[in-house]
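This report refers to the structure that appears directly beneath it.
Derivation of every value follows stated rules applied to the coordinates shown; laboratory data play no part. On a predicted model such as this, the values are computed, not experimentally measured, just so you know. Using ideal geometry, Cβ is built from the backbone for each residue, glycine included, and neighbour counts are taken over all protein chains shown.
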Amino acid sequence: MTANEDQEMELEALQSIYGDDECFKEISPVAFQFRIGDLEDTKSFLLDITWPESYPETAPNISLDAFFNNRISAETKQTILLKLQEQAEANLGTAMTYTLFEWAKENQEVLMENHKPVVTAVTLTSNCEVTSAPSSMKKKEKKEQLTKAQKRRIVSRTDNRGELPRGWNWVDVIKQLSKTGGNDEQA
């Protein structure tokens with residue numbers, strides 16, 4: 001069999017095995033991604049495998065350069081890549097993509113045993129915002145919220161300096177007097 005026939009057969013096998021698996025993604029007919037671990041797990045990582053022209057006679061290109069892996073330290077990435085390269089060398093000449101994905105899945109704990117999440121500037125900034133948010137929320141709670149209608153009434157009553165004009169409540173006084181009647185009429 002030629003390398004291309006082997007690749008076509010392995011591609012069909014991968015599609016049938018991982019067809020409905022959300023962890024597997026076929027980027028192109030020769031490039032694949034597989035997420036090892038759950039999305040929420042800090043020890044999860046995204047494994048990229050690309051087949052060169054002469055695959056499976058030569059090892060596939062294995063990468064951990066996906067953005068998803070930014071939280072993994074360079075040392076941990078290097079360790080994972082070295083161990084996966086060893087597995088690839090042991091399986092030269094055979095279809096090994098499935099084998100590499102499954103080996104990484106089974107050995108995730110061993111691969112990530114020295115993992116310490118990388119703290120980035122973005123994470124630090126968001127932590128600072130979370131810390132300061134409760135104090136600003138307390139200030140907002142004290143301030144009374146007005147409806148649009150209440151705001152319109154206040155604006156329509158005030159002058160250009162934001163002050164109420166002289167006699168602004170006289171209409172209410174006159175309305176009250178008209179309902180009760182004036183004292184002069186009764187006397």
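If packing is taken as the average count of other Cβ atoms within 10 Å, what order do 4-16, 144-156 fall into, highest mean first?
In decreasing order of mean packing, 4-16, 144-156 become 4-16, 144-156.
Among Asn4, Leu46, Ile27, whose Cα projects farthest towards the positive end of the dipole of the stretch 3-112, with charges put on the beta-carbon of Lys, Arg (+1) and Asp, Glu (-1)?
The Cα lying farthest towards the positive end belongs to Leu46.
Within the set Lys151/Lys175; Lys151/Lys179; Lys148/Lys179; Lys77/Lys105, which residue pairs have Cα atoms separated by over 21 Å?
Lys151/Lys175; Lys151/Lys179; Lys148/Lys179
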